[in-house]
Amino acid sequence: MYIARRSVLSLIALSAVAFASCKRSGAGGGGTAASSGASLSSEIVVGHYASLTGSTAHFGQDTDKALRLLVQEVNKAGGVNGRQIKVVTLDTRGDSAEAANAVSRLIDVEKVEAVIGEVSSSLSLAGGRVAQRRKIPMISPSSTNPKVTEVGDYVFRVCFLDPFQGKVMATFARNTLKFDKVAILRDVKNDYSIGLADAFKAAFTAAGGSIAVEQSYSQGDTDFSAQVTAIKGTPAQAIFVPGYYSEVGAIARTAARLGLKVPLLGGDGWDAPDLVKIGGDALNGSYFSNHFAPDVATPKAQKFVADFKAQYGQEPTGLGALGYDAGGVLVEALRKAGSGGPAALRDAIAAVKDYEGVTGKISIDAARNAQKSAVVLKIEAGKPKYEATIAP
Amino acid sequence: MTELIQQIINGLSLGSIYALIALGYTMVYGILRLINFAHGEVFMVGAYAGYYLAAAFGIDAYVSSGREFPLFLAVVVLLLAMLLAAALGASIELLAYRPVRNAPRLTPLITAIGVSLFLQNAGMLVFGPNPRAYPPILREVRFELGGVILTNIKLTIFVVAVALMAGLRFFVLRTWTGRAMRAVSVNLDAAKLMGIDADRTIRVCFATGSALAAAGGILFGLDQITITPLMGVLTGLKAFVAAVLGGIGSIPGAVLGGVLIGLAEQLTAGYLSPDYRDAITFVILILVLMIKPEGLLGVVKQEKV
């Protein structure tokens, strides 16, 4: 035991030495001390922590590509108050401990003025706690769990929250599709799914509709025939399935196989190319809410899609669009804050109002969340198409 | 009523898949008194073998041009996948179990868990962790009888499962190799003294069980739409419970157990709550172990002291 403890201590000592030397080499190009360094250096350093590898790699890669596209455009146009922006991206590998480390390193070693990240709510929570403690503003592009910005007054986001999506689909199902009875099929292992389902139920019944039946599954299930068979025995006109794409695809196929011909409704957890790969034709005619539709008509969005395609040879996802807007909101705030340091930057982000982003107009509210509209997409011939915009 | 019949049909097809996997557990246990926990992963590898073989035979071209994947190619895919899985099963036996065959009973059991974890993680590395849509090796045709939906896939699952089980029964009861298997299962050393090549017999047993699991894997993929490298964990455990329920070591018992577990799971999900679908299997396991530990069709072996 004693030996074990000693070796742990020496390990800590070693890593501290390693960390200190890292710190020195990292700050080599910048200023001397953290406080004065920020205003004196010619570059604005912005940190980004994202899952560049691992099972959610495409989340982080899409966000990073879009963020770099934005920074490139801003720099080409002269930068912010004459200073160029430099983005430093660190990989979280989709791991929350790694996310906290990455934010520490961005602040201590890279001396960033603000942090952008993450996509997953659990990682944003971990990174947000570090940013809050060090009083460096952080903007999450696409974490929708309500808890993320409750961490503290330095944590912001540019996307809407989970409950809002449930409300959006309830409004859409009730007012646009004129449905009276909808079944709910929620993933009981997933807080996101439960949150959306609860919000949908509350809003749909408040609007005069009724829930035909509530069924559930657990993430990782592959057999949904029991649930679909049970729903088939009810007069449901649609099924609200706020899950992730792989189960949703399988549920759609099962429904088609068992002759249940009603549209499925869902949220941004559907937004992945694999959704249609798994669900195939069975998903045609289904709707889901999202942050962004690549075929939405606003000029700013169209320019973003065209630029992104020209730069990377692929269409941007909703996550990419949010990464672009997170960067946009930050640049706007940096312009206003000038060289006032992190506290002034925080106040400037909190004051952002009616920022015209590619995912819609963004206003930061008192709870540091974005007030903005959602889009509803319809899947037609295996492709999601813009259908409607639902305001908050 | 139609809903109940539909749930029963769904349960039967799911149960047939459990039965195919349970056969592998029961055969190996019958011979070596070893619970081969890696069997669920052989099932997973079988499903992926089918996936890649179908791709190698150009199923994408058939799908994109709207043509049906030829039936004979589907059969070739099934047989090749079974062959690959048989080779995998025999290799696992050779590399992992044979060296510890004479060690205390716990050693091979822990080895089996190790092989299982190794294959799960190797699967995630090689195949990728994301779920994949299974290719339409068989085109789905739906029949409707008074509101009850039946698909050719569910029928095929049932027919293939029954045919393979009948074949296995014939193999074990009527062939020399099968006879050798039964002899080894009664007493390994005595069988050796009678001139039976015990190593070969055990190898054949692993290969046969693995081939059946691969068939189960492909049918599972067709029926359940997505496959993942971790699909063998829970499915394998349920099939193991099916083998215990039917009486481990008994071939008809494995089939009966599989079908009963499939039905119990589906009816629980349909009428109680889908949240309990996995729990019911293990409730059954506990009840069997408490009330009738030898299983429904198992035989009580008297230990001579």
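Values in this text are rule-based calculations from the coordinates and carry no lab data. Here the structure is a predicted model, which means the values were calculated and not measured. Every residue, glycine among them, receives a Cβ derived from its backbone with ideal geometry; neighbour counts consider all protein chains shown.
General remarks:
- FRET efficiency, A:ALA202 to B:ALA163 (Cβ-Cβ, R0 51 Å, nearest 0.05): 0.45
- Fluctuation leader among A:PRO299, A:PRO242, A:PRO137 - chain A, Gaussian network, Cα springs under 10 angstrom: A:PRO299
- Simple Cβ-charge dipole of the stretch A:172-264, Lys/Arg +1 and Asp/Glu -1, about Cα centre, in debye nearest 20: 380 debye
- Positive-pole candidate from B:CYS205, A:ILE85, A:LEU125, dipole of the protein assembly as shown, charges at beta carbon: B:CYS205
- Under 16 Å from the A:ASN81 label point (7 Å along Cα→beta-carbon), backbone N, the stretch A:326-349: A:330-349
- Estimated [θ] at 222 nm from DSSP helical runs (n ≥ 4, -39500 (n - 2.57)) normalised by residues in chain B, nearest 500: -23500 deg cm²/dmol
- Dipole moment magnitude, nearest 20 debye, chain A about Cα centre, only Lys, Arg, Asp, Glu C-beta charged: 520 debye
- Ellipticity at 222 nm from helices only: DSSP H runs of n ≥ 4 in chain A, each -39500 (n - 2.57), divided by the residue count, give -14500 deg cm²/dmol.
- In sequence order, calculated HN-Hα J values of the stretch B:130-145 (Karplus, 6.51, -1.76, 1.60; Hz; x Gly/Pro): 6, x, 10, 6, 6, x, x, 4, 10, 6, 7, 10, 9, 10, 10, 10
- Using C-alpha pairs below 8 Å separated by at least 6 residues, the relative contact order for chain B is 37 percent.
- For the residue pairs A:LYS76/A:LYS111; A:LYS181/A:LYS261; A:LYS277/B:LYS154; A:LYS181/A:LYS385; A:LYS300/A:LYS372, alpha carbon separations beyond 20 Å are given by A:LYS76/A:LYS111; A:LYS277/B:LYS154; A:LYS181/A:LYS385.
- Under a 5 Å amide H cut-off, with hydrogens placed 1.01 Å from N, A:VAL352 pairs with A:ILE364 among residues at least 5 apart or on other chains.
- Residue-wise HN-Hα couplings along the stretch B:155-162, as the Karplus relation 6.51 cos²θ - 1.76 cosθ + 1.60 with θ = phi - 60° gives them from phi, are 5, 4, 4, 5, 5, 4, 4, 5 Hz; Gly and Pro carry x.
- FRET E, pair A:ALA97, B:ASN152, Förster distance 51 Å, beta-carbon r, rounded to 0.05: 0.55
- Paramagnetic reach from B:GLU294 (point 7 Å along Cα→Cβ, amide N under 16 Å) across the stretch B:250-280: B:250-254
- Sites B:PHE282 and A:GLU73, calculated FRET efficiency, Cβ-Cβ separation with R0 56 Å, nearest 0.05: 0.45
- The trypsin sites (Lys or Arg not before Pro) of the stretch A:239-299 that meet both conditions, a loop assignment by DSSP and at most 13 other Cβ atoms within 10 Å of the site Cβ, are A:LYS261.
- Residues in the stretch A:131-163 that a label on A:ALA366 would reach, taking backbone N under 11 Å of a point 7 Å out along Cα→Cβ: none
- The modelled label-to-label distance for the pair B:ALA55/A:GLN314, using points 7 Å beyond Cα in the direction of Cβ, is 1.6 nm.
- Student exercise, the protein assembly as shown dipole from Lys, Arg, Asp, Glu Cβ charges, in Debye to nearest 20: 940 debye
- Amide H contacts for A:ALA238 (H built 1.01 Å from N in the peptide plane; partners 5 or more residues away or on another chain; cut-off under 5 Å): A:ALA183.
- Positive end of the dipole of chain A (Cβ unit charges, origin at the Cα centre): among A:VAL74, A:PHE179, A:GLY220, the Cα lying farthest that way belongs to A:VAL74.
- For A:LEU161, no residue whose modelled amide H falls within less than 5 Å of its own remains once neighbours fewer than 5 places apart on the same chain are excluded.
- For the stretch B:1-91, chymotrypsin sites (Phe, Trp or Tyr not before Pro) are listed when DSSP marks them as loop and at most 16 other Cβ atoms sit within 10 Å of their Cβ; the list is empty.
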